[in-house]
Structure formats: C-alpha cells, structure tokens
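See structure below.
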Amino acid sequence: MPMKLNVRTLGIAATFSMLAFASTQAEEAKPEPQMQTVLDALNALQAKPFHTLSVADARAQASAADAARTVQRDRKISPLPEAKVATRDFAIPTAAGALPARAYIPEGEGPFPVVLYFHGGGWVVADLNTYDATPRAIVAGSKALVISVDYHHAPESKFPAQHDDAWAAYTWLVENVHTLNGDAKRIAVAGESAGGNLAANVALMAKERKTVMPVYQLLVYPIAGNDLNTPSYQKNANALPLGKADMEWFANVFTSKDQTADKRINLVGRSDLGGLPPATIITAQIDPLRSEGQAYAAKLENAGVKVNLINVDGVTHEFFGMAKVVGKAKAAVDEANAGLSKSFGNSK
C-alpha cells in the first residue's frame, strides 16, 4: 500500500510551499530578497551562463558558492561554528583510479554515523572545494561524519564513469569507514543536483546487488529525468544560475542525447523503486529541475518509500549551500539534518 507523501513546512508558511507538485503560480516567480542578493553578487563576479562558455571557461569562472561567500564576507557574517569542523583529505582507491575525498569530522569519540556526499556541477564542473559549505552544515547539524567524494568529470570521462565512481566509493566506504571512525551500519547517501542523482543511484544499486543498503537518502534538487520540457523547465527556462540551455549544455558534454534515457539518469522512468531507504527530497521553486525532483518523490511514495518532500519558494538552484546568507537555505538544511539524525537513531 503506498505511503502518504510527507510535505513538511516546519510551521513556516513563508519558507516551504505546500504546492509540492503543482507549483502553478500564474506569474513567473522572483527570487526572494536574500536569494537576489546572492544572484547580484554572482553577476558582479561576471559569471556567465554555462551554455555560452567552453568547458575550461565554465570551470574557471566564479560559482554560486563564490557569490554566497562574497555576501557572507561583505556582511561580516561569522563562519563559525562550521569553520571549526576538522577535515582530512585522502583518496579512495578504485579500478578507474584514486578518487579525491574529504572527511568532515564531528566532535566526539565515535564511531560516528556517516553521510556519503556527492557534489553538483552537471558532472562537468565543480569540486570538493566548491561544495564545501554543505558537508560542514551537515556535520554541524547531524553530528555525522561526512565523506565528500569527487568523481571523474566529463568530457574527459563520459557517462557512466561518474556512476561507476559513486558505486566504487560507496563499496569502499562500507568496507573501510571504520578506519575513519565511522559506523558502516549507519551510512546515508546525499548529494546536490548531479550529485543527488549519484546518491539516488547508489541506493538503487545497493538494492539491485543485494548488498548493504544506505539507511537514508538526502537528494537536493536531483537530476532525475531527461525531459527538458517539464513545467519547471518551461517556467524557469531563463533562470539563474541554471536555465534550460545550461542543462542542455551539460547533457551534451556529459553524454549523447540517446543515453539520457538510461535508467541511471531518467530515474522517473523507473519501475523498480520499492524497498529503497527513506528519503528527503528538496526542490527549489526557481529551478528547471523542480518538476523531475517532485516527480521522483511521487514515484518513490507510490512504491511505498517514505518521502519527506520539501519545495522551497523564492530560491534558485544551488541555494542549499547558502545557509549562512539565505534564511530559507538554513531552514532546509535544518530539516535535512533532522531527517538524517532520525534515521541514524533508528538504525542503531
């Protein structure tokens, strides 16, 4: 029997939209003030739409994370307590070569619950440093050991190299996380955008291969489909920092058009979603990926998976790592950490 989809608001009506599936506002949504401040900072850093750039220039230009850090600096917002989180860089050996990884270590004696985190960037741009804020916020809020893992990028390594890397990182972690003072029985997977897709695929592959399952999934505006004509793609075709043409650019760099129908990319087309771990799925109103994230949440729910779906109004793609400067991001991070903490407690 399908479970009732949980759309949480935290009692903050201005923060989370109850229109989780429809999002049929009559007029085009505008970023709320704090989000707009970050977008203005990104513009001041002369960032250009991805689809107008070469891969090299896209990798070199300022990111949304850079813009958020600029706002934080200009407003003299303290980096604490997240800045105090200890880190350790290391490498995960795989058949395709060593994967750069970073452990974010909570205070205490452990063994700690673990979050395996994959960053965004369309499988083409960004790295561990670009997506440093989210792992720090998860450590601070969930008291878990966060392992952020990089993966091979396209076009140098085409699909499915990134998915193979994610699976290799997970299997290594299950066998070796005790060396990092982590608890292999309490591993959650998490990711943003392209990384959200990788996290979802790790859970799916663990089920397919009948091996140790993650206890939880945190999927933040995940790439979950290959339809670039969904309602959110139509409404947010020209959104910043990610629009429809940008996603087409990423798809062309990452893979060929016919491969985007692969079940590892087109998650909403799958029919084998039963038996997966509970999930929190977070979507942003002003984001081409909103519709597919919400559709994947519905598919999971219909398969009997417990899902906490959160749609955040007035924010754009990449907002989640901006908790220091965007209040709605902080509320979403707090909700994500609550779900993680609950899953770790239930899995002892």
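If LYS185 meets every condition in (1) of a type in the set (D, E, K, R); (2) in a helix (DSSP H, G or I); (3) surrounded by fewer than 17 Cβ atoms within 10 Å (Cβ to Cβ); (4) touching a residue at least 12 places away in the same chain (Cβ under 8 Å) apart from one, which number is that one?
LYS185 satisfies every listed condition except (2).
Of all residues being surrounded by fewer than 19 Cβ atoms within 10 Å (Cβ to Cβ) and either assigned to a loop (DSSP other than H, G, I, E, B) or not aliphatic (A, V, I, L, M) (or both) in region 245-255, which is farthest from the chain's Cα centre (by Cα)? Just the residue, please.
Filtering first and then ranking leaves ASN252.
Yes or no: region 151-160 includes at least one residue that is closer than 23 Å to ASN308 by Cβ and buried (at least 24 other Cβ atoms within 10 Å of the Cβ).
Scanning region 151-160, I find no residue that is closer than 23 Å to ASN308 by Cβ and buried (at least 24 other Cβ atoms within 10 Å of the Cβ), so the answer is no.
Name the residues in region 253-276 that are free of Cβ contacts under 8 Å to residues at least 12 places away in the same chain and of a type in the set (D, E, K, R), would you?
LYS257, ASP258, LYS263
Right, ALA126: hydrophobic (A, V, I, L, M, F, W, C) and either surrounded by fewer than 24 Cβ atoms within 10 Å (Cβ to Cβ) or more than 26 Å from LEU273 (Cβ to Cβ) (or both) or not?
Taking the combined requirement at face value, the residue satisfies it.
Restricting to region 152-182, name every residue that is out of contact with any His (no Cβ under 7 Å at 6 or more places or on another chain), among the acidic types (Asp, Glu) and assigned to a helix (DSSP H, G or I).
ASP164, GLU175, listed by residue number.
Starting from region 277-291, keep only residues that are more than 17 Å from LEU228 (Cβ to Cβ), then list their pairs with residues that are modelled with pLDDT under 95 whose Cβ atoms are within a distance under 6 Å, requiring at least 6 positions of separation or different chains.
Pairs found: GLN285/ALA29.
Which is on the phi < 0 side of the Ramachandran plot, outside any helix (DSSP H, G or I) and surrounded by fewer than 19 Cβ atoms within 10 Å (Cβ to Cβ), of ASP334, ASP272, ASP258?
Exactly one residue qualifies, and that residue is ASP272.
When you look at VAL325, is it more than 30 Å from LEU80 (Cβ to Cβ), among the aliphatic types (A, V, I, L, M) and in a loop (DSSP other than H, G, I, E, B), yes or no?
no
All but one of (1) buried (at least 24 other Cβ atoms within 10 Å of the Cβ); (2) in contact (Cβ under 8 Å) with a residue 60 or more places away in the chain; (3) aliphatic (A, V, I, L, M); (4) not in a loop (DSSP other than H, G, I, E, B) hold for LEU242; state the number of the condition that does not hold.
Just one mismatch for LEU242, condition (4).
Inspect region 164-172 for any residue being among the β-branched types (Val, Ile, Thr) and either in contact (Cβ under 8 Å) with a residue 60 or more places away in the chain or touching an Asp or Glu at 6+ places or on another chain (Cβ under 6 Å) (or both) and give the result as yes or no.
No, region 164-172 contains no residue that is among the β-branched types (Val, Ile, Thr) and either in contact (Cβ under 8 Å) with a residue 60 or more places away in the chain or touching an Asp or Glu at 6+ places or on another chain (Cβ under 6 Å) (or both).
Only one of these is over 13 Å from the mean Cα position of the chain (by Cα), farther than 18 Å from ILE92 by Cβ and modelled with pLDDT of 95 or more: TYR216, TYR221, TYR170. Name it.
So the residue among TYR216, TYR221, TYR170 that is over 13 Å from the mean Cα position of the chain (by Cα), farther than 18 Å from ILE92 by Cβ and modelled with pLDDT of 95 or more is TYR216.
The values are calculated or read from the model by the stated rules, or taken from the named source; none is laboratory data. Note that the structure is a prediction, hence the values are computed from the model and not measured. Here Cβ is always computed from backbone atoms with ideal geometry, including for glycine, and neighbour counts include all displayed protein chains.
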